[in-house]
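The values are calculated or read from the model by the stated rules, or taken from the named source; none is laboratory data. Since the structure is predicted, the reported quantities are computational estimates derived from the model, not experimental observations. Because the Cβ atoms are built from the backbone with ideal geometry, glycine has one as well, and the counts that use them run over all protein chains shown. Protein only, heavy atoms only, side chains kept; ligands, DNA and RNA dropped before computing areas. Shrake-Rupley method; radii C 1.70, N 1.55, O 1.52, S 1.80 Å.
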Amino acid sequence: MKILVTGISSLPGYKTVLEGIKRGHEVIGVYHERVPSLKVRVLGLDLTKRIQTHDAVMKERPDAIIHIAGMGNVDGCEQERGKCYALNYLTTLNLTKIASALGIYMIYLSTDYVFDGQKGNYGEDETPNPINYYGLTKLLGESVVKSLSNYAIVRTSTIYGIGMGRPNFAMFLLEKLGKGEEVRAVSDQFTSPTNATLLARALIEVAEKRLVGTFHVAGERLSRYEFAVRLSRKLGFDEKLIKESYAKEMKWKAKRPLDSSLNFSHTKEFIDTDFYSTENSLETLKKEYEASTKR
Ligand SMILES: NC(=O)c1ccc[n+]([C@@H]2O[C@H](COP(=O)([O-])OP(=O)(O)OC[C@H]3O[C@@H](n4cnc5c(N)ncnc54)[C@H](OP(=O)(O)O)[C@@H]3O)[C@@H](O)[C@H]2O)c1
């Protein structure tokens, strides 16, 4: 299959390219400013520009688009609303119009932050109610993708792993705990931490099966504190270095849902990859960490 992946310098984008190649697909990567070193053909595109994007996609005519590019920095979105709207909504609107005109199957990577976090354990069909600008722009993206007949919205949460992209919580823990330094982690806010490699594998599977609808590809419900403890046990670090902190102490610019964990029981019926169990997710991270420290 010919798959066009956007956002290849982000952790999920980078891993999706790697998994796509591994499974024998022809992958074309879209970058904007940073070109990661990957063994695929890449296209430099500003996805907020409709004509430029249209012409490039028209020329390639992929079988599927996996749209990962966006603005994932939640506090940044609150401060730079115009940029956040353009990257999360306009890029999605542009690609949706092109996918519709050319009959291309499209996957859109979305987020647990479309929910308000009052309840947690959200199912795919529950009503979103974002409480920050990031969540609102991602929900706008979802609404436009739903106008297609051949689409999948894949919601995920707190992506972690080793590779490209912005710093993530697991990388922070590996660095600090690996050096024997203390870390503080919030114990009263819950998400569904998701391993990027397993997310990427599931995204490729969704494309191969051309699944239609909304799916939750996310890990089990954990606070950052619980996640830090589980990671520490798995990798053999000193658990006593992890100290509890609380959401009210954090100097976040954007409001955070208190419990945006995602229920994956429906999605798991359609996907063979075990993207959800914390044990498998941390085992995958451990192998990648050991391989990276041996180099
Ligand atoms: N991080 C998480 O925990 C999380 C959770 C749920 C969902 N997500 C979703 O995952 C995706 C990636 O987020 P992230 O936080 O991992 O990464 P990020 O750092 O926000 O990644 C942004 C990506 O978008 C690309 N991009 C920016 N402006 C562009 C433009 N004008 N045209 C084309 N590409 C452009 C960047 O490419 P260049 O580097 O080349 O500029 C980069 O690859 C987002 O859709 C986000 O909503 C993330």
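Key figures for this structure:
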| quantity | calculated |
| --- | --- |
| Count of segment 1-33 residues which are part of a helix (DSSP H, G or I) and either more than 20 Å from ILE159 (Cβ to Cβ) or away from the ligand (no atom under 12 Å from the Cβ) (or both) | 5 |
| Qualifying residue in segment 132-146 (condition: under 25 Å from SER260 (Cα atoms) and acidic (Asp, Glu)) | yes |
| Number of positions in segment 20-29 that are open to solvent by less than 10 Å² (accessible area, probe 1.4 Å) and farther than 14 Å from ARG61 by Cα | 1 |
| ILE159 crowded, with 24+ Cβ neighbours inside 10 Å, touching a Gly at 6+ places or on another chain (Cβ under 6 Å) and either in contact (Cβ under 8 Å) with a residue 24 or more places away in the chain or acidic (Asp, Glu) (or both) | no |
| Helices (runs of 4 or more DSSP H) wholly inside segment 80-169 that include at least 1 residues being in contact with a Lys or Arg (Cβ under 6 Å, 6 or more places away or on another chain) | 91-102, 133-145 |
| Those residues of segment 153-169 which are more than 11 Å from the ligand (Cβ to nearest atom) and either more than 14 Å from the chain's Cα centre (by Cα) or among the basic types (Lys, Arg) (or both), in sequence order | none |
| Selection status of LEU203, surrounded by 14 or more Cβ atoms within 10 Å (Cβ to Cβ), touching a Phe, Trp or Tyr at 6+ places or on another chain (Cβ under 8 Å) and either at pLDDT below 95 or assigned to a helix (DSSP H, G or I) (or both) | no |
| LYS59 being closer than 23 Å to TYR151 by Cβ and loosely packed, with under 15 Cβ neighbours inside 10 Å | yes |
| Enumeration of residues in segment 34-79 that are within 11 Å of the ligand (Cβ to nearest atom) and modelled with pLDDT under 95 | ARG34, VAL35, PRO36 |
| Matching entry among GLY180, GLY219 (being assigned to a loop (DSSP other than H, G, I, E, B) and crowded, with 18+ Cβ neighbours inside 10 Å) | GLY219 |
| Segment 34-56, residues that are in contact with a Ser or Thr (Cβ under 8 Å, 6 or more places away or on another chain) and open to solvent by 50 Å² or more (accessible area, probe 1.4 Å) | ARG34, VAL35 |
